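Read-outs throughout are calculated quantities, based only on the coordinates presented, and are distinct from any laboratory measurement. Only a predicted model underlies this, so the values are computations on that prediction, with no experimental measurement involved. Counting neighbours? That spans all protein chains shown, and the Cβs are built from the backbone with ideal geometry, glycine included.
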Amino acid sequence: MNKLAPNIDWKSYFTQVGYPGLSEVNIYQPSFMIELSNMMKNVPVADWKTFLRWQLINSTAGNLNKAFENQNFDFYYKTLSGQEKMEPRWKLILDMTSNSLGETIGQLYVKKYFPPAAKQKMTDLVMNLKKSLKQRIENLSWMGPQTKLEALAKLDKMGVKVGYPDKWRDYSGLVISSESYVRNVLSSQAFEFRYTMDKVGKPVDPTEWGMTPQTVNAYYNPFRNEIVFPAGILQPPFFNVDADDAVNYGAIGMVIGHEMTHGFDNLGRQFDKDGNLRDWWTKEDSKSFDAHADMIVEQYNHYEVLDSAFVNGKHTLGENIADLGGATVAFNAYKLSLEGKEAPNPIDGFTNFQRFFLSYAQIWRTNMRDEELRKRVKTDEHSPAKVRINGVVYNMPEFYAAFPDIKPGDKLFRAPEQRPVIW
Ligand SMILES: [Zn+2]
């Protein structure tokens, strides 16, 4: 670092932040460090002071007095996102507490809302999804036997976490007082910084979670090759112990499949079964993968969600692959779960396969202002909700079979040769 960015006194920096003994550093963005070092020399100290003062105010404005809070809301929420009214104080504070003391709130949440039966049912679903993806991989026509072996080994080794961590985090070093709200926020940020830095040089803790139990979301971690489903997502419309199987496979089944296929999307596929960055693909299979992925890029580039605001097919590729793979693998898993038995009776006039797709669409029901949508199309690696439905189902032969009235010439119809098949 001294060589790369010599205008910064690194020894003093690491001593000041409390870690003078670091022996190794991994620099993600060398070009940033080089430029920062140049600026240290070329920008006057007075300007740096102004800049840093501004950073401090800007990053804490939402937690300061009403005048700061209003200004912060006016720009970041009203102007950039179109939000008209600030959320009530109790919600804002609850969010902050949930972020700062995530696993303490999580323990309360799990006790109240996450029965052991839900964990069992979810674990069974994940196993069925694994079986389904295994079958899909075995039957892929574009992938050769050598790559398949590696893919299957990766799937087999993929870890699963459901609900909440086995071991809760210890927050006893965090200092909170009734003196000042913003100081508590800063104290919590400092606590997180130390928590992260204290991991340096120690073995990786495999029990650690990257989301709190109350989070309505899920993730795949390529470094550990594991999928994680917090308790928060295991409620309707994603998961309902009382709903019929078609509905659960269309919703949480799809989410499980989505996270699994992240292990094999354009980024995830670069890691092997142990989470190491290693290319396990034959040249030919890698090429076939890219050809199908390019079809998805092209398809999503054409979705105009607002006047002249288009989805960025390349930026959203990994998520779009995971959506298509997730829905396909979940549908196949649902079919496997019927074990050759006759399909259950229609409910409210909808067949079981139609209910699968209705349930899939229902998990994406959202309401968003145009400003927020415009911002997300530029920044979010997920496609907007509506595109996450239509972009996926019109690529699936199973969808046309479930709704046989959809015909060539219909607005969203895609001809078979336009439909990519990845998983
Ligand atoms: Zn995803």
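Annotations
- Proximal aspartates and glutamates to LYS112, defined as alpha-carbon separation beneath 13 angstrom and excluding residues fewer than eight positions away on the same chain: none
- Ignoring aspartates and glutamates fewer than eight residues from LYS111 along the same chain, the ones with Cα atoms less than 13 angstrom from its Cα are GLU103.
- Helix-only CD estimate at 222 nm, as mean residue ellipticity for the chain, using -39500 (n - 2.57) per DSSP H run (n ≥ 4): -15500 deg cm²/dmol
- Net +/- balance of residues flanking GLN362 in space, Cβ distance below 14 Å, scoring K and R +1, D and E -1: +2
- With each label modelled as a point 7 angstrom along the Cα→C-beta vector, the VAL175-GLU342 pair spans 7.2 nm.
- Per-residue Karplus couplings for the stretch 268-278, computed as 6.51 cos²θ - 1.76 cosθ + 1.60 with θ equal to phi - 60°, are listed in order as x, 5, 7, 9, 9, 5, 9, x, 8, 6, 8 Hz, Gly and Pro entered as x.
- Calculated FRET efficiency, GLU138 to LYS314, Cβ-Cβ distance, R0 = 25 Å: about 0.25 to the nearest 0.05.
- Local net charge near SER100, Cβ-Cβ under 12 Å (Lys/Arg +1, Asp/Glu -1): -2
- Relative contact order, whole percent, for the stretch 330-423 stands at 22, derived from Cα pairs under 8 Å and 6 or more residues apart.
- Contour minus Cα-Cα distance for ALA46 and ILE406 (0.36 nm per residue): 123.0 nm
- Here the calculated FRET efficiency for HIS292 and SER59, from their Cβ-Cβ distance with R0 = 35 Å, stands at 0.25, rounded to the nearest 0.05.
- Exposure proxy shown here: for LEU277, LEU4, the number of other Cβ atoms within 10 Å sets the order, fewest to most, as LEU277, LEU4.
- Taking amide H as placed 1.01 Å from N in the peptide plane, the amide H of PHE229 sits under 5 Å from that of LYS161, VAL162, GLY163, each at least 5 places away or on another chain.
- Over 19 Å (Cα to Cα) - which of LYS148/LYS335; LYS3/LYS199; LYS134/LYS154 fall in this group: LYS148/LYS335; LYS3/LYS199
- Overall form of the stretch 276-423 per C-alpha gyration tensor (a/c, 1.5; a/b vs b/c): oblate
- FRET efficiency, ILE8 to PHE75 (Cβ-Cβ, R0 30 Å, nearest 0.05): 0.45
- Measuring between their Cα centroids, the stretch 389-423 and the stretch 167-188 lie 51 Å from each other.
- Cα-based helix-to-principal-axis angle, 145-157 vs the chain, degrees rounded to 10: 60 degrees
- Extension gain for GLU371 to GLN418 (0.36 nm times residue separation, less C-alpha to C-alpha distance): 13.7 nm.
- Pairs of lysines in the stretch 10-98 (C-alpha under 22 Å apart; 8 or more residues apart or interchain): 7
- Taking amide H as placed 1.01 Å from N in the peptide plane, the amide H of TYR303 sits under 5 Å from that of VAL311, each at least 5 places away or on another chain.
- Across the stretch 1-54, C-alpha contacts under 8 Å between residues 6 or more apart give a mean separation that, scaled by the residue count, equals a relative contact order of 42 percent.
- The chain: relative contact order in percent, alpha carbon pairs under 8 Å with at least 6 residues between: 16 percent
- Crossing angle, helix 370-379 versus the chain [Cα axis fit, 0-90 degrees, rounded to tens]: 90 degrees
- Separation between Cα centres of the stretch 68-121 and the stretch 262-301, rounded to whole Å: 35 Å
- Bridge type composition, the chain - antiparallel percent by DSSP, nearest 5: 60 percent
- 0 to 90° range, to nearest 10: angle between helix 102-113 axis and the chain longest Cα axis: 40 degrees
- Three-way shape call for the chain based on the alpha-carbon gyration tensor, with the a/c threshold at 1.5: prolate
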